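The values are calculated or read from the model by the stated rules, or taken from the named source; none is laboratory data. In this text, all values refer to a predicted model and were calculated from it rather than measured experimentally. All Cβ positions, glycine included, derive from the backbone under ideal geometry; neighbour counts span all protein chains shown. Keep in mind that these areas ignore ligands, DNA and RNA; they rest on the heavy atoms of the full protein, side chains included. Shrake-Rupley method; radii C 1.70, N 1.55, O 1.52, S 1.80 Å.
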Amino acid sequence: MIPTPLLRPRRLRKNPAIRAMVRETSLSPEDFILPLFVVEGENIKKPISSMPGHFQMSLDHLAKEATEIQSLGIPAVILFGIPAHKDACGSEAMSANSIVCRAVQALKKAAPHLYVIADVCCCEYTDHGHCGKLVGQDVDNDATLELLQKQSLVLAQAGVDMVAPSGMMDGMVAALRVALDGAGFSGIPIMSYAAKFASGFYGPFREAAESTPQFGDRSTYQMDPANGREALREAALDYEEGADILMVKPAMPYLDVLSQMRAAFDIPIAAYQVSGEFAMLKAAAQQGWLDHDRVMLESLLSIKRAGADLILTYFAKEAATKLG
Ligand code: PBG
């Protein structure tokens, strides 16, 4: 005989009203940060084939985009620059006239209230595609810190609101903090890509940012996908070095790491739903195998439920439109 259940969770699922009343997590356009790719030139809006709806954009298009982003209620963007010239140490990234510095200025002019974050890394600017200066076949950690300091200073001078170092160099948060504070930019926060894994899910981004390593891979600086405890250690180091926000990247394959970081730290946690996560949902939806809007919102909700306060996502505009 089957006993009559005494406890019936289904009571609270009976209709939309009660389901809404007991819902634990909700999404809002304010949760999102939209990544943007900016290139030299004029009137360029070149589609990125593996990321439908995303483009490499010249400054004129970026300015138009800014107003639309703002009107959707998305508070922030994160910029990635594709320079005209690349060299061994990514000199373009350290120029006050770099494509990202000019993009910061263009965005601030077009949409003064849009919060502008800049990714701080060398890989889009180096001819070898690695995230710093090389010694032999590997990235020289401490020499790269100096490049990252210079890069963040030109960005600060250009008026960026926040810097986000993504190169997984040891000591990068402290290096940036010292450089920024020393130049009078103590008010600029650092969002650290604290637990960034050496992931296959970055594939489409590397097409978008033209930053594929020309030899080898990033496993000597980005984290081994197998390591959860080490991710917490990386986060603890960045926290101690003064990071204002800690990020986990990618998001969906690392929700366990995200949730542990949320529990371990008292500062905001960000998650980056990366290009490959976006591309696979888009591709399946285009085939008619998944319901686009449903999986888009479910993926973002899961990331938020796991503990993200901020979500970097290529779905920002579509999700904001849907939620709005
Ligand atoms: C640059 C950087 C990468 C991403 C963000 N910043 C690429 C990489 O490490 O190869 C990936 C973002 C994405 O896949 O959407 N260091």
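For S95, are the conditions met, namely being in contact with a Cys (Cβ under 9 Å, 6 or more places away or on another chain) and farther than 30 Å from Q286 by Cα?
Against the criterion (in contact with a Cys (Cβ under 9 Å, 6 or more places away or on another chain) and farther than 30 Å from Q286 by Cα), S95 qualifies.
Might you check whether a residue that is of a type in the set (D, E, K, R), at pLDDT 95 or above, more than 15 Å from the ligand (Cβ to nearest atom) and part of a loop (DSSP other than H, G, I, E, B) occurs anywhere in the range 164-179?
Taking every residue of the range 164-179 in turn, at least one turns out to be of a type in the set (D, E, K, R), at pLDDT 95 or above, more than 15 Å from the ligand (Cβ to nearest atom) and part of a loop (DSSP other than H, G, I, E, B).
For A283, are the conditions met, namely being surrounded by fewer than 21 Cβ atoms within 10 Å (Cβ to Cβ) and within 16 Å of the ligand (Cβ to nearest atom)?
When the stated conditions are applied, A283 passes them.
Conditions (1) over 28 Å from V173 (Cα atoms); (2) surrounded by 18 or more Cβ atoms within 10 Å (Cβ to Cβ); (3) at pLDDT 95 or above; (4) within 15 Å of the ligand (Cβ to nearest atom), marked per residue:
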residue	(1), (2), (3), (4)
R233	no, no, yes, no
A236	no, no, yes, no
A251	no, yes, yes, yes
Q260	no, yes, yes, no
H292	yes, no, yes, no
V295	yes, no, yes, no
L312	no, yes, yes, yes
K322	yes, no, yes, no
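Go through the range 180-212 and report how many residues are of a type in the set (G, A, S), under 17 Å from the mean Cα position of the chain (by Cα), open to solvent by less than 70 Å² (accessible area, probe 1.4 Å) and more than 9 Å from the ligand (Cβ to nearest atom).
Matching residues across the range 180-212 total 3.
Inside the range 213-222, can you point out the residues that are within 11 Å of the ligand (Cβ to nearest atom) and surrounded by 13 or more Cβ atoms within 10 Å (Cβ to Cβ)?
Once the filter is applied, which keeps residues that are within 11 Å of the ligand (Cβ to nearest atom) and surrounded by 13 or more Cβ atoms within 10 Å (Cβ to Cβ), the range 213-222 yields P213, R218, Y221, Q222.
Could you count how many residues in the range 8-25 are open to solvent by 60 Å² or more (accessible area, probe 1.4 Å) and in contact (Cβ under 8 Å) with a residue 24 or more places away in the chain?
1
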